[in-house]
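What follows is a short report on a single structure.
The values are calculated or read from the model by the stated rules, or taken from the named source; none is laboratory data. In this text, all values refer to a predicted model and were calculated from it rather than measured experimentally. Methodologically, a virtual Cβ is constructed for each residue, glycine included, from the backbone with ideal geometry; neighbour enumeration extends over all protein chains shown.
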């Protein structure tokens, strides 16, 4: 069960592709949670806010999928599943593989537009239902130690049922090409929400730097106002798009100074492509980067730290190549999607056989 939000949609695609190459011990059925339906009656209602329409659409899609048939086990990879579906979840053992918990999203406040209800009784009911959701899961597979800690400490999950398994990428698609650094340096940013992901910090650097012979490639869904000849904006690239892969292949350095995030699939794609990564140290991102070896962790919203690390690497091409090679090697060890999917399915199969 996966959601079509941008990051989770990428992981959903990676899972489906991996399972076509594996011989899994379980036969997969998919419930894909949509947030918008082009011809939907709900979407045409004029009096409902768009955010509420999206939440209602996701709930309708999920409820229909869960009622479709009885499953031997259910793997949940979407944040839309919690207290609203407890009776449907109770029909089969369920497992959870996700990047964060609700309390962690709420902790990021306005960045994710997640806030506690002003109605205290309702908020307490929600929290109790969320605790129930995590505590009754057979196994939990958080993407990071940050998410694992919240499952245990905020929601009372049994630590013995929690195993950190990071998401992965197709290492063949995100291959490391032969690169030279004797020409212009290409810097890549990939973040749908431009400001939350810190793209404005990079753009500010581009307009102020005295460095020469570089190109900044900004992949985002937002419109970016710039006329700088060395800044290139791409608004219509989708997850795993061949044109997006080509940008990773062309790049020498990946920079995502994000202010608020749960994880960074784009960061592990960059590592697989052999790029040093500069990532904002928020959420579970601290698990991704081996600081000083495969890239650098940046204090969030710290433009001075960003500039210092970028300009150092731009002046040290041999160090860029060494870090990129280390990043690819680390991705092969930790972020192989087939391997990580196989780990999760193996654990689920064992748990179901033990029932």
Pick out the one residue from 266, 273 that is touching a strand residue (DSSP E or B) at 6+ places or on another chain (Cβ under 6 Å) and either surrounded by 21 or more Cβ atoms within 10 Å (Cβ to Cβ) or modelled with pLDDT of 95 or more (or both).
266
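Has segment 123-136 got any residue that is touching a strand residue (DSSP E or B) at 6+ places or on another chain (Cβ under 9 Å) and surrounded by 19 or more Cβ atoms within 10 Å (Cβ to Cβ)?
The answer is yes; a qualifying residue exists.
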Residues to consider are 305, 354, 316; find the one that is over 19 Å from residue 265 (Cβ atoms), surrounded by 15 or more Cβ atoms within 10 Å (Cβ to Cβ) and without any contact (Cβ under 8 Å) to a residue 12 or more places away in the chain.
305
Among the residues of segment 183-206, are any in contact with a helix residue (DSSP H, G or I) (Cβ under 6 Å, 6 or more places away or on another chain), over 23 Å from residue 242 (Cα atoms) and surrounded by fewer than 18 Cβ atoms within 10 Å (Cβ to Cβ)?
no
Out of curiosity, is residue 45 closer than 24 Å to residue 137 by Cα and either surrounded by 15 or more Cβ atoms within 10 Å (Cβ to Cβ) or assigned by TED's automatic domain parsing to the domain that holds residue 133 (or both)?
no
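Here's the yes/no breakdown for (1) under 29 Å from residue 156 (Cα atoms); (2) crowded, with 19+ Cβ neighbours inside 10 Å:
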site: 55; (1), (2): yes, no
site: 58; (1), (2): yes, yes
site: 61; (1), (2): yes, yes
site: 68; (1), (2): no, no
site: 90; (1), (2): yes, no
site: 106; (1), (2): yes, no
Residue pairs qualifying under the 6 Å Cβ cut-off, at least six apart or on distinct chains, with the first in segment 226-254 being within 24 Å of residue 289 (Cα to Cα) and the second being assigned to a loop (DSSP other than H, G, I, E, B), are 244/237; 248/273; 249/177; 251/275; 253/276; 254/275
Answer yes if at least one residue in segment 184-202 is outside the structural domain of residue 78 (by TED's automatic domain parsing), assigned to a helix (DSSP H, G or I) and at pLDDT below 95, and no otherwise.
no
Subset of segment 34-86 (residues that are assigned to a loop (DSSP other than H, G, I, E, B), within 24 Å of residue 133 (Cβ to Cβ), in contact with a helix residue (DSSP H, G or I) (Cβ under 7 Å, 6 or more places away or on another chain) and modelled with pLDDT of 80 or more)
72, 73
Sole exception among (1) more than 20 Å from residue 169 (Cα to Cα); (2) more than 17 Å from the chain's Cα centre (by Cα); (3) surrounded by fewer than 24 Cβ atoms within 10 Å (Cβ to Cβ) for residue 339, by number
(1)
Residue within segment 167-182 that is in contact with a strand residue (DSSP E or B) (Cβ under 6 Å, 6 or more places away or on another chain), more than 21 Å from residue 14 (Cβ to Cβ) and in contact (Cβ under 8 Å) with a residue 24 or more places away in the chain present
no
Take the residues in segment 139-157 that are in contact with a helix residue (DSSP H, G or I) (Cβ under 9 Å, 6 or more places away or on another chain) and loosely packed, with under 15 Cβ neighbours inside 10 Å; name whichever of them is nearest to residue 264 (Cα to Cα).
145
How do the strands (runs of 3 or more DSSP E) wholly within segment 230-286 filter down when requiring 3 or more residues that are on the phi < 0 side of the Ramachandran plot and either in contact with a helix residue (DSSP H, G or I) (Cβ under 7 Å, 6 or more places away or on another chain) or not assigned by TED's automatic domain parsing to the domain that holds residue 190 (or both): which remain?
253-256, 277-280
